[in-house]
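Engineer: The structure that follows is given in the form of structure tokens.
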Amino acid sequence: MRSEAVVGLDIGTTSTVAVVMRAGGEVLASASRPARLFSPQPGFAEADPAEWWANACATLREAIAAAGVAPAGVCVTGMLPAVVLLDDAGRPLRRSLQQNDARCVRELAELGDEIEEAAFLAATGQGVTQQLVAPKLRWIARHEPEIFARAKHVLGSYDYINARLTGRLTVERNWALEAGFVALATDALDPELTALSGLPAGAFPPLVAAHERIGAVTPQAAATTGLPVGAAVFGGAADHIASALAAGLAEAGDVLLKFGGAGDVIAISEHADPDRRLFLDYHLVPGLYAPNGCMAASGSLLRWLAALIGGGLSLAELDAEAAAVPPSAEGVRILPYFLGEKTPIHDALARGTITGLSLGHGRGHIWRAALEAIACGFRHHLDVLADQGRPARRLYASDGGSRSEVWMQIVADVCGQPVTTLADAYGSSVGAAWVAAVGLGLAQWGDVAQARRLGKTFAPTPGAASLYADYRALYEALRPFFHRAGT
């Protein structure tokens, strides 16, 4: 009898998560392992592909054993566009440059001098920002020429795991779209765009759709992961877009706030409508688009801060201290730009700050100010969507951070709208599992919205949003200092 179990595997910024799910949406088991983000210099954000694979093997074995089923297929999701360089034997040449890496300021400026941004935006759907992969590759060519000279292939995080599972190199199309290598007119890699990277066209593997079957689990991969030999492997999915699928985003006005290592805001559209302030992705449902934004540091900022000042307390205990502090943290303000910032300001030289401190403030004030800062970043994106004519009518929250009730209340207050959480916090993994189910013919795209389970709704406190009106003014005041210090 054919198995109706599928696996979603999320290669996240702060953790690796595997979920085993029945095709109808019932989660049978899950497992997770922490992942490290390396930031050896200001603006640097790297991860270790060897750790991704080790975590993938461990979480897959644990989740599959706990579920007690043999999955028929697997879909891998992850952050994008990570930059993984492989040698001619398929081995990583260095740690990946993550999507929130902001080191390539010089290379980005050079690229901006070479191309006309308005034309590039219209052609690719992306602005000339640090999200692009070409400037990151140029940085490697300039600073690590011996590594660049050995690079035979470039791909993303979940594409690398797919290669380990199947032995085949592919790139899921949203990686290439956000990287700035896809022409919207053709939905294909464009040679003139890939040439901006300095790599030959052959360095870019074939594009595949998320639900496209790219191969099967090899005997070697099966022995280390617990997946059955021959299980179908699908193209993969950007983590934020997989979360949007799991959230059941289906019509204009639906917006997902994704609380992972980075902070994502995903909307839905029938048209591309490029806007420099946001990124553009393909929705997993064919024919739709997903305009979206991403804050470079969300959960990664909180984990860094917890290690710095937490004194060994859990995140829940730090939340309890924050809950005892009044809204607006009695004047303490944080700008969450500890890895620079991506959307909507696109400022790689922005930096994290803590202002308004006095000797009367404590750890709870700082923790609350960090939660409020990220919430203000989400609000900034909602204002951009409203300015585009896409006001948010329903806000959903997913992934690990959405389990914090203190934080969700803060987000509702800052945004001035109700926020409904998803009962399955691991949205990215669940969304990827749905892709595998659709790819196997065990489900239809429309089944997702019917199967999703909603959690608690947090209603905004009347008048609370006005307490955070100075968030953007603080950045504008400090921006000249950031740019003087970063030059």
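Engineer: Excluding residues on the same chain fewer than 8 positions from LYS342, give the aspartates and glutamates whose Cα lies under 15 Å from its Cα.
Structural biologist: ASP101, GLU178, ASP264, ASP275
Engineer: Taking 56 Å as R0, compute the FRET efficiency from the Cβ-Cβ separation of ALA119 and SER358 and round it to 0.05. Kindly include the intermediate steps, with their values, before the conclusion.
Structural biologist: Values: r = 50 Å, r/R0 = 0.90.
Approximately 0.65, to the nearest 0.05.
Engineer: Would you mind pulling out the separation of the Cα centroids of region 298-323 and region 34-67, in Å?
Structural biologist: Each part reduced to its Cα centre gives a spacing of 21 Å.
Engineer: In nm², what is the average projected area of the convex hull enclosing the Cα atoms of region 21-65? Could the numbers behind the result be given before it?
Structural biologist: On the way: hull surface 17.1 nm².
Its Cα hull, projected and averaged over all orientations, spans 4.3 nm².
Engineer: May I pose another question? Using a simple spin-label model with points 7 Å from Cα along the Cα→Cβ vector, what separation in nm is obtained for ASP187 and ALA250?
Structural biologist: In this crude spin-label approximation the distance works out to 2.2 nm.
Engineer: Sticking with this structure for a sec: Cα to Cα, under 13 Å, and not fewer than 8 places away if on the same chain: which aspartates and glutamates meet these conditions relative to LYS152?
Structural biologist: ASP87, ASP88
Engineer: While we're looking at this one, here's another question. Tell me, how many Å apart are the Cα centres for region 111-147 and for region 340-392?
Structural biologist: Centre-to-centre distance over Cα atoms comes out at 26 Å.
Engineer: Which lysines does LYS456 reach when only Cα atoms under 16 Å apart count, and residues fewer than 8 places away in its own chain are ignored?
Structural biologist: LYS258
Engineer: Additional query: With the cut-off at 33 Å, report for the chain the share of all Cα pairs above it, as a whole percent. Please report the intermediate quantities before stating the final value.
Structural biologist: Values: 38768 of 118341 pairs.
Above the 33 Å cut-off, the chain has 33 percent of its Cα pairs.
Engineer: Any chance you could run the full-extension gain for ARG484 through LEU454? It's 0.36 nm times the residue separation minus the Cα-Cα distance, nm to one decimal. Could the numbers behind the result be given before it?
Structural biologist: Values: separation 30, 0.36 × 30 = 10.80 nm, distance 4.65 nm.
Length gained between ARG484 and LEU454: 6.1 nm.
Engineer: Give the relative contact order (percent, whole number) for region 1-77; include only Cα pairs under 8 Å separated by 6+ residues.
Structural biologist: Values: 149 pairs, mean separation 30.7, N = 77.
40 percent.
Engineer: With point charges of +1 on the Cβ of Lys and Arg and -1 on the Cβ of Asp and Glu, referenced to the Cα centre of the chain, which listed residue (SER3, ALA123, ALA369) lies farthest in the positive direction of the dipole?
Structural biologist: SER3
Engineer: Now for a separate question. Please list, ordered by chain and number, the residues whose modelled amide H lies under 5 Å from the amide H of GLY73; skip anything fewer than 5 residues away on the same chain.
Structural biologist: VAL7, ALA232
Coordinate-derived values only; no laboratory data. Computed from a predicted model, the values in this text were never measured in an experiment. All Cβ positions, glycine included, derive from the backbone under ideal geometry; neighbour counts span all protein chains shown.
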